[in-house]
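> I'd like to ask some things about the structure below.
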Amino acid sequence: MKMTEIRWHGRGGHGTVTAGILLAEAAVQSGLVARTFPNFGPFRRGNPVLVFTRVSSGPIRERGPIKAPDVVVVMDKALLINGGALDGLKAESVLIINTTQELVELSRQVAGLLSERKLKVVAVDATGIAIEELGAPFASTTILGAVIRATGIVDLEAISAAVKARLPVADWDRNLRAIQRAHYTARQN
Amino acid sequence: MLRLLDGNAAASYGAKLARTQIVSATPITPASEIAEHLIRFIEAGELRAEFVVPEGEHSTMVICMGASMTGARVFTATASQGLAYMHEPLHFAAGGRLPIVMAVPNRSIALPWCNYPDHQIVVAQRDTGWIQLHCENAQEVLDTCIQAFRIAEDPRVLLPVMVCFDGWTVSLHHEGVDIPPQDEVDAYLPAYTSQHCVLDPDKPKTVGAGADALLYMQYRRQMEEAMDAARAVIKTTDEEFRVRFGRSYGGMLDQYRCEDAAVVLVGMGALAEAARAAADELRLEGAPVGVARIRSYRPFPHAELRALGERVEAIAVVDRSSSPGLGGPLASEVRAVLSGLPRSPQVYGFVAGLGGHEISVAHLRKALSSVSIATGPASEDQWLW
């Protein structure tokens with residue numbers, strides 16, 4: 001597997017940093033090489049947060065921000081326009097968006113923002129699922145289900161192992177349910 | 001056991017495996033998590049140690065000194081403004097020859113206020129008498145924290161050690177880290193028994209008494225000799241680590257493709273990884289370039305740099321700090337140790353990555369390429385933007 005670069009656009013409080021860590025943990029436990037790190041602005045809830053995750057089967061020699069991502073995960077659709085989420089996208093990049101919006105409408109909107117360029121767009125209502133399963137809008141662990149479905153970087157089993165390695169026992173079942181629901185309800189154009 | 005850890009967690013695992021007995025630290029970005037991890041280890045009973053709550057970084061170091069004088073193994077962590085505030089007792093700890101180990105995730109210094117990495121404030125501690133080891137990734141941080149206690153406690157050395165690594169770039173960067181087994185670490189790092197400076201009510205003594213000029217100068221001379229002795233100790237400690245754990249970091253100076261290089265890039269910290277990638281790219285294009293990462297900033301790798309200087313045509317030194325009115329401090333020190341060689345290479349200075357400004361492979365390629373074609377003596381340091 002060649003290196004996959006994932007850029008997450010979230011806000012303080014979404015759990016975006018944790019999502020990057022869980023994905024990297026799942027990759028390491030699957031025998032891959034992974035690195036993940038955050039880039040905050042001011043340390044407060046609601047502020048935009050960027051997370052950069054790299055996964056590869058071989059050595060990784062980069063530590064800088066990801067400028068040309070293979071995958072972009074957008075936790076809050078407002079960041080699509082104002083958060084630089086569309087910066088540096090490549091023709092084959094995958095855009096995963098946390099939204100209640102219909103996929104067709106979302107794809108049209110994204111195509112408009114990218115001047116008609118076709119892109120693989122995935123829509124998932126991670127916040128809705130998180131509210132139901134976790135009782136709180138912590139959509140970042142939930143959206144992992146959609147991320148691994150769209151990219152195939154690791155499987156559900158590896159994510160499950162990462163959740164068990166990183167989160168308290170009391171949080172395992174509900175997070176795994178949320179991740180599975182996002183996995184099976186993510187819609188892709 | 002391979003675990004996903006960031007540099008801060010790696011430092012705390014290193015301190016835990018070293019069986020640290022006293023920890024004291026004050027929260028400061030980006031070092032706070034190091035003490036937080038250690039407190040969790042202590043609370044969970046995984047580390048038999050005491051955490052002493054200080055009111056600031058100055059007190060932190062004084063607490064560490066007192067703890068070390070009881071014969072305990074002592075660990076702390078700080079960064080940036082905290083390190084600056086600790087500057088005065090840093091001299092006390094080194095002058096007292098107390099083998100304290102401190103993790104320092106490198107962060108810029110205000111003003112302007114900036115949370116991101118550079119070497120400005122850590123380089124400014126170079127004359128305190130602390131050994132400074134600079135790491136480039138989380139694995140090296142963990143391993144070097146263990147090595148640091150062996151170096152600090154060696155009777156030929158008895159100096160405190162800073163284990164420095166770039167804030168954020170390493171301290172908050174999660175990556176796969178192998179955690180060595182405790183029994184192997186115990187065999188590598190025996191328990192500390194203090195011979196030279198123990199506060200014992202049965203054998204009262206004064207520590208930190210006044211000295212006349214001659215005594216003062218004798219003590220300072222001993223520190224210089226201890227730093228000199230540390231050179232060999234740092235190398236053997238790293239080599240013995242490799243024998244037991246299969247990993248080593250180049251001792252004083254970590255050299256990559258330098259054997260037949262005409263041009264070498266010299267720098268410290270995480271930028272070495274990007275520099276090696278840049279060197280590999282240029283090698284494919286036929287340019288004989290290499291990278292020498294200064295792992296031990298104090299003691300400075302005189303002999304290694306001189307041996308390198310005798311072989312190469314030119315050296316590009318990339319500083320992550322600047323001494324206003326002089327230029328890059330690392331570049332000036334490299335020039336100083338190379339002066340007087342029968343055939344000195346040209347040394348070109350570059351200042352880069354201040355306040356976390358990105359240092360990419362492209363930046364370092366540019367530095368190496370420009371030095372490869374440069375002729376004549378270097379003018380003032382160039383800034384890589």
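The values are calculated or read from the model by the stated rules, or taken from the named source; none is laboratory data. As the structure is a prediction and not an experimental result, all values here were calculated from the model. Here the Cβ is made from the backbone with ideal geometry for all residues, glycine too, and neighbour counts use every protein chain on show. These accessible areas exclude ligands, DNA and RNA; they are computed on the full protein's heavy atoms, side chains included. Shrake-Rupley method; radii C 1.70, N 1.55, O 1.52, S 1.80 Å.
> Please calculate the 1.4 Å probe accessible area of B:PHE51, with all protein chains present, and give it to the nearest 10 Å².
Counting only protein heavy atoms, B:PHE51 exposes about 50 Å² to solvent.
> For chain B, find the longest principal axis of its Cα atoms and tell me its angle to the long axis of helix B:361-373, 0 to 90°, nearest 10.
It works out to around 50 degrees.
> Given springs between every Cα pair under 10 Å in a Gaussian network model of chain B, which of B:GLU313, B:GLU55, B:GLU281 has the largest fluctuation?
Between B:GLU313, B:GLU55, B:GLU281, it is B:GLU55 that shows the largest mean-square fluctuation.
> When the helix-only estimate is applied to chain B (DSSP H runs of n ≥ 4, each -39,500 (n - 2.57), divided by the residue count), what is the mean residue ellipticity at 222 nm, nearest 500 deg cm²/dmol?
Calculated from helices alone, the mean residue ellipticity at 222 nm is -12500 deg cm²/dmol.
> I would also like to ask the following. Between B:ARG107, B:ARG73, B:ARG335, find the one with the highest GNM mean-square fluctuation for chain B; connect C-alpha pairs within less than 10 Å.
Greatest mean-square fluctuation among the candidates belongs to B:ARG335.
> Can I get the semi-axes of segment B:221-330's equivalent ellipsoid? Compute them from the C-alpha gyration tensor as square roots of 5 times the eigenvalues, in angstrom, largest first.
Values for segment B:221-330, descending: 24, 19, 13 Å.
> Give me the distance in nm between label points sitting 7 Å out from Cα along the Cα-to-Cβ direction at B:ARG244 and A:ASP87, one decimal.
Spacing of the two 7 Å Cα→Cβ label points: 4.6 nm.
> In whole angstrom, how long is each semi-axis of the equivalent ellipsoid of segment B:253-384, when you take the square root of 5 times every eigenvalue of its Cα gyration tensor and sort them from largest down?
Equivalent-ellipsoid dimensions as semi-axes: 18, 18, 14 Å.
> Sticking with this structure for a sec: From the phi angles alone, apply the Karplus equation (6.51, -1.76, 1.60; θ = phi - 60°) to segment A:6-11 and give each ³J(HN,Hα) in whole Hz, x where the residue is Gly or Pro.
Rounded to whole hertz, the list is 10, 10, 9, 10, x, 10.
> Moving on. Apply the Karplus parameterisation 6.51 cos²θ - 1.76 cosθ + 1.60, with θ equal to phi minus 60°, to every residue of segment A:20-37 and state each ³J(HN,Hα) to the nearest whole Hz, in sequence, with x for glycine and proline.
x, 5, 5, 5, 5, 4, 4, 5, 4, 5, 8, x, 8, 9, 8, 9, 8, 8
> Which FRET efficiency, nearest 0.05, do B:HIS87 and B:SER379 yield, Cβ-Cβ r, R0 30 Å?
Efficiency for this residue pair is about 0.35.
> Taking chain B as the reference, fit the longest principal axis to its C-alpha atoms, fit the long axis of helix B:138-153 to the helix C-alpha atoms, and give the angle between the two in degrees, 0 to 90, nearest 10.
The angle comes out at about 60 degrees.
> Sort B:THR193, A:THR18 from largest to smallest accessible area, using a 1.4 Å probe on the heavy atoms of the protein chains.
The ranking, largest first, comes out as B:THR193, A:THR18.
> A further question follows. Which FRET efficiency, nearest 0.05, do A:ALA78 and A:TYR184 yield, Cβ-Cβ r, R0 22 Å?
0.25
> Could you list which residues have their amide H under 5 Å from that of B:ARG3, counting only those 5 or more apart in sequence or on another chain, with H placed in the peptide plane?
B:VAL177, B:ASP178, B:ILE179
> Per residue and in cubic angstrom, what volume does the convex hull of the Cα atoms of segment A:4-188 have?
Dividing the Cα hull volume of segment A:4-188 by its residue count gives 104 Å³.
> Could you tell me how far the Cα centroid of segment B:168-200 sits from the Cα centroid of segment B:1-39, in Å?
10
> Please compute the length gained on full extension between B:TYR216 and B:GLU184, using 0.36 nm multiplied by the number of residues separating them and subtracting their Cα-Cα distance.
Stretched fully, the B:TYR216-B:GLU184 segment lengthens by 7.4 nm.
> What is the extension gain from B:SER370 to B:MET223, computed as 0.36 nm multiplied by their sequence separation minus the C-alpha to C-alpha distance, in nm to one decimal?
48.9 nm
> Follow-up. Expressed in nm², what is the orientationally averaged projection area of the convex hull enclosing the Cα positions of chain B?
19.6
> Once the Cα atoms of helix B:329-338 and of chain B are each reduced to a long axis, what angle between those two axes, in degrees from 0 to 90 to the nearest 10, is obtained?
Approximately 70 degrees, to the nearest 10.
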